[in-house]
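*Asks:* Can you read through this structure? Questions will come right after.
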Amino acid sequence: MFKISEPIIKYTKYIKYFDIQNKENIENYNIISDTISLNSNTKINSCKFENVVFEKEKLQQINIDDAIFINCDFSNITFIDTVIFRTKFINCKMVGTSFIDSSFNDVLFIDNMCNYINISGCNLKNVSITDSNLVESTFIDTKVKNIILDNTNFKSSEFVNTSLYNIDLSNSNIENIKIDVNSIRGAIIDIHQSIDLVGLLGVKIK
């Protein structure tokens with residue numbers, strides 16, 4: 001059984017974003033109740049963000065290492081070629097957020113609202129998604145290795161060329177998902193979920 005590493009947060013200094021804006025490296029800070037407009041190529045390390053709204057439409061090559069985000073809003077932001085390592089998202093809002101060609105390693109999602117999230121062309125390794133909504137999410141050409149799903153809502157989501165082999169979906173909502181046969185092959189489901197997937201075989205239940 002694989003283990004997901006928790007973020008390592010060193011001493012953090014409370015600070016307002018106004019004092020560090022336009023810095024390329026944001027390190028050892030604790031930012032609370034603020035609005036942030038990051039720049040592309042920004043590196044975040046050993047930071048905690050709480051009740052923060054991120055408001056940039058498109059960000060490229062963001063590096064996030066050892067960070068915790070609590071009650072933060074990333075809605076409708078497009079992250080391109082972003083690397084996220086040893087990071088935790090708790091009760092965050094990611095409605096309509098896109099991660100394109102990005103990498104997640106040792107990342108925990110807990111109680112997040114991620115409806116319409118797009119995780120296409122990404123690499124997911126050692127990722128846990130718990131008590132989160134990913135309704136109508138998109139996974140196209142996504143590489144998945146070592147992922148834990150617990151009470152995750154994938155209703156009406158799309159999986160294309162994304163292998164879920166040996167991934168346990170039995171405790172998640174997969175109602176009306178759109179998925180190709182190769183992607184679902186080898187996934188672990190319960191008997192009730194098989195009804196949602198039987199159509200992939202071209203048969204009907206009488």
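Quick note: the coordinates plus some simple rules give every number you see, no bench work behind them. Only a predicted model underlies this, so the values are computations on that prediction, with no experimental measurement involved. Please note: Cβ atoms are built from the backbone with ideal geometry, for glycine as well, and neighbour counts cover all protein chains shown.
*Asks:* With a 10 Å Cβ neighbour count serving as the proxy for reagent exposure, in which order, fewest first, do Ser157, Ser170 appear?
*Replies:* Ser170, Ser157
*Asks:* Right, here's the next one. Considering only the chain, what is the antiparallel percent among its DSSP beta bridges, to the nearest 5?
*Replies:* Just about 0 percent of them are antiparallel.
*Asks:* What 222 nm value per residue comes from the helices of the chain, counting each DSSP H run with n ≥ 4 as -39,500 (n - 2.57) and dividing by all residues, nearest 500 deg cm²/dmol?
*Replies:* The per-residue figure over the chain is -500 deg cm²/dmol.
*Asks:* In the neighborhood of Tyr11, defined by Cβ-to-Cβ distances under 14 Å, what is the net charge if each Lys or Arg adds +1 and each Asp or Glu adds -1?
*Replies:* Cβ neighbours under 14 Å give a net charge of +1.
*Asks:* Binning at 10 angstrom from zero up to the longest distance, how are the C-alpha pair distances of segment 111-200 distributed in percent?
*Replies:* Going out from 0 Å in 10 Å bins, segment 111-200 shows 18, 60, 21, 0 percent.
*Asks:* Something else now. Which three lengths, in whole Å and largest first, does segment 1-69 cover when its Cα atoms are put on their principal axes?
*Replies:* 41, 26, 20
*Asks:* Additional query: Among Asp81, Asp131, which comes first, then next, by fewest other beta-carbon atoms within 10 Å?
*Replies:* Asp131, Asp81
*Asks:* With every atom except the alpha carbons ignored, what do you get for Rg and Dmax of segment 56-110, in angstroms?
*Replies:* Gyration radius and largest Cα-Cα distance of segment 56-110: 10.4, 25 Å.
*Asks:* Compare the peptides 33-41, 146-154 by average per-residue count of other Cβ atoms within 10 angstrom and give them in order, highest first.
*Replies:* Averaged packing, sorted descending, gives the order 146-154, 33-41.
*Asks:* While we're here: Only sites in a loop by DSSP and with at most 13 other Cβ atoms within 10 Å count here; which chymotrypsin sites (Phe, Trp or Tyr not before Pro) in segment 1-51 make the cut?
*Replies:* Here the sparse-neighbourhood loop sites are Phe2, Tyr11.
*Asks:* Please list 3J(HN,Hα) in residue order for segment 42-56, calculated via the Karplus relation 6.51 cos²θ - 1.76 cosθ + 1.60 where θ = phi - 60°; whole Hz, with x for glycine and proline.
*Replies:* 7, 10, 10, 9, 6, 10, 10, 10, 9, 6, 10, 9, 9, 10, 9
*Asks:* Right, here's the next one. Remind me, what semi-axes does segment 20-198 give for its equivalent ellipsoid, largest first in whole Å, using sqrt of 5 times each Cα gyration tensor eigenvalue?
*Replies:* 30, 15, 14
*Asks:* Given the peptides 50-59, 68-77, 187-196, arrange them by the average over their residues of other C-beta atoms within 10 Å, most packed first.
*Replies:* 68-77, 50-59, 187-196
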